[in-house]
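Visitor: I have a structure I would like to understand better, so I am pasting it below and will then ask my questions one at a time.
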Ligand code: HEC
Ligand code: HEC
């Protein structure tokens with residue numbers, strides 16, 4: 001079943017645009033190059049507009065004024081290199097950027113769109129030639145093919161580990177500043193966050209921001225997002241720290257906090273809110289949330305309780321039925337594509353997964369430092385970690401290492417191998433001896449240090465937050481490092497990582513569900 005998209009804006013379909021690129025190119029380039037805004041729309045995008053993506057279309061609703069006002073500071077160049085927040089957080093891409101659309105922007109602007117800046121858009125910022133289109137094509141290859149931004153951070157001075165080796169295929173192999181390659185997180189659905197950034201750095205005492213807890217939420221989230229908007233302008237847009245002003249920061253955060261994004265239309269299913277289903281952003285507008293609302297693992301983590309801080313109201317109230325969005329479709333005839341989405345939802349909610357080797361849940365208690373979990377294995381589901389009802393991020397603020405950045409998956413339940421991350425750097429860090437300060441023989445090799453690069457804790461190497469799962473179709477590829485090009489790659493990763501096997505039917509049901517979120 002295929003439904004035509006009816007709105008005026010989506011006469012444009014992705015394939016059509018690609019083939020018409022040469023014709024439309026000159027015009028779009030003109031507009032896109034002016035300020036890096038989403039080029040296809042006038043300044044106001046009313047709620048309800050469908051943005052096409054490979055699986056159908058997403059929608060982004062704003063509770064401020066019935067639509068997205070593209071004249072606010074989020075859409076203004078506040079730094080020196082022409083970038084705006086929307087350069088990397090586009091309404092048409094679920095407030096992130098898909099690699100396919102970045103590639104299209106390269107094509108349309110010959111690699112001069114503001115996203116293509118050497119400060120963090122190129123694979124490395126030195127020994128590159130961006131004066132020719134060929135040079136830019138190669139210098140921005142990770143951004144074009146995986147949608148990756150280079151996040152360069154130094155290990156904290158008090159880290160209990162030493163970076164002993166960095167093997168970076170693009171030349172940024174300094175050991176004092178580590179280049180990590182990360183996907184822009186969607187700047188939408190933010191009121192469901194329990195930590196800001198993949199490594200939580202914008203909600204961590206280590207960066208002078210707030211460690212979120214039940215008792216300080218949502219004030220902590222709002223102040224972290226204000227801080228984040230300033231940091232983002234200084235780093236990505238090479239700003240001088242004077243903008244966004246305090247008033248602009250507030251305006252940016254009001255704007256972001258008012259956004260809700262979800263897939264609204266499926267190529268196979270049609271509208272995702274028919275016959276009792278509640279897909280699309282309206283289904284999210286009244287979704288309740290608080291920190292640890294449905295956490296199943298916080299009771300395992302008494303060590304994380306801050307004195308007088310963390311209250312864990314979710315204790316004992318965990319429901320594994322994380323998503324109910326498509327429950328109404330479960331009794332449709334099995335052949336109906338909507339029944340497949342409901343079956344995928346049931347798998348997400350109930351498929352047993354033997355969770356082992358995940359730092360943050362299964363850590364070895366003997367390792368020292370802040371040790372979490374300490375249980376060698378746990379039978380859970382997808383929702384053990386993606387527990388926020390109908391949203392799917394981790395409601396408890398603790399990042400986990402599930403092995404997405406692991407070049408040598410030796411601690412996995414299977415030896416089936418991980419994702420292909422050969423395009424990423426390989427970084428070796430070793431625990432240091434507390435008395436001599438010299439590296440010991442306890443070492444880890446990873447492509448991303450995750451939380452350890454923020455708090456300096458060796459036990460936190462590779463720990464990444466569980467992101468929001470709405471609007472996935474608008475923002476491929478997946479995982480912090482873009483290592484899963486498709487949702488099927490994501491599902492295959494979990495089968496290999498945790499040692500379970502799905503039938504082809506189950507795989508495609510789960511993919512249909514994830515693609516409808
Ligand atoms: C050059 C691309 C780029 C630009 C420009 C940019 N961002 Fe981001 N944004 C990213 C990346 C990459 C991440 C994830 C980085 C990480 O976690 O290490 C991110 C993360 C975020 C997050 C965190 C969301 C979450 O789930 O934790 C928010 C909020 C955000 N950006 C808002 C903004 C705002 C506001 C601006 C403008 C002031 C902005 N960004 C400019 C690339 C960009
Ligand atoms: C042990 C905890 C855990 C379990 C179990 C788990 N996930 Fe995840 N998931 C995570 C974490 C952590 C991330 C972020 C990892 C990264 O980006 O490298 C993630 C990321 C994802 C993403 C990518 C989102 C994005 O924005 O790129 C998808 C999709 C996903 N998980 C789906 C699933 C499904 C489906 C299942 C069940 C088959 C599942 N997860 C089971 C912890 C878990």
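Taken together, the values in this text are just the output of simple stated rules run on the coordinates, not laboratory data. Since this is a predicted model, take the numbers as computed values, not measurements. FYI the Cβ positions are ideal-geometry reconstructions off the backbone, even for glycines, and counts take in every protein chain you see.
Visitor: Taking 0.36 nm per residue of separation and subtracting the Cα-Cα distance, what length does fully extending residue 80 through residue 219 add? It would help to have the intermediate numbers written out before the result.
Guide: Numbers: separation 139, 0.36 × 139 = 50.04 nm, distance 3.04 nm.
Using 0.36 nm per residue and subtracting the Cα-Cα distance, I get 47.0 nm.
Visitor: Of all the C-alpha pairs in segment 386-517, what % are more than 24 Å from each other?
Guide: Beyond 24 Å sits 35 percent of the P(r) for segment 386-517.
Visitor: Right, next: Which residues does a label at residue 152 reach in segment 182-210, if reach means a backbone N under 16 Å from a point 7 Å past the Cα toward the Cβ?
Guide: 182
Visitor: Give me 355, 421, 375 ranked fewest to most by other Cβ atoms within 10 Å of their Cβ, as a rough exposure proxy. Kindly include the intermediate steps, with their values, before the conclusion.
Guide: Working: 355 24, 421 20, 375 14.
Ordered by Cβ neighbours within 10 Å, fewest first: 375, 421, 355.
Visitor: What translational D, rounded to a whole number of µm²/s, comes out for segment 8-515 from Stokes-Einstein when the hydrodynamic radius is the Kirkwood one over Cα pairs, at 20 °C and 1.002 mPa s?
Guide: On the way: Rh = 23.3 Å.
It comes out at roughly 92 µm²/s.
Visitor: Sticking with this structure for a sec: Counting just the Cα atoms, what span does segment 177-226 cover along each of its three principal axes? Round to the nearest Å and put the largest first.
Guide: Reported extents, whole Å, longest axis first: 34, 24, 16.
Visitor: I want to check the label-to-label distance for residue 238 and residue 175. Put each point 7 Å from Cα in the C-beta direction and report it in nm to one decimal.
Guide: Placing both labels 7 Å beyond Cα along the Cβ direction yields 3.1 nm.
Visitor: For the pair residue 336 and residue 321, how long in nm is the line joining their label points, each one 7 Å along Cα→Cβ?
Guide: For the pair residue 336/residue 321, the computed spacing is 1.9 nm.
Visitor: Got a sec? How would 470, 497, 335, 191 order by Cβ neighbour count within 10 Å, fewest to most?
Guide: On the way: 470 29, 497 25, 335 7, 191 18.
Ranking 470, 497, 335, 191 by Cβ neighbours within 10 Å, fewest first, gives 335, 191, 497, 470.
Visitor: Taking 20 °C and 1.002 mPa s as the conditions, I'd like the Stokes-Einstein D for segment 47-148 in µm²/s, using the Kirkwood hydrodynamic radius from alpha carbon pairs.
Guide: Values: Rh = 14.7 Å.
Translational D for this selection: 146 µm²/s.
Visitor: To continue, here is another question. Compute the label zone of residue 63 within segment 207-240: residues whose backbone N is under 12 Å from the point 7 Å along Cα-to-Cβ.
Guide: none
Visitor: If you wrap a convex hull around the Cα atoms of segment 182-302, how much volume per residue is inside, in Å³? If you can, show how the numbers build up before the last one.
Guide: Values: hull volume 19.2 nm³, N = 121.
Considering the Cα atoms of segment 182-302, their hull volume per residue is 159 Å³.
Visitor: If each residue of separation counts as 0.36 nm, what is the full-extension length gain between residue 328 and residue 495 once their alpha-carbon separation is subtracted?
Guide: On the way: separation 167, 0.36 × 167 = 60.12 nm, distance 2.75 nm.
Once the chain is fully extended between residue 328 and residue 495, it gains 57.4 nm.
Visitor: Now for a different question. Give me 89, 126, 394, 492 ranked fewest to most by other Cβ atoms within 10 Å of their Cβ, as a rough exposure proxy. All intermediate terms of the calculation are to be shown ahead of the outcome.
Guide: Numbers: 89 23, 126 10, 394 26, 492 16.
Going from least to most buried by this count: 126, 492, 89, 394.
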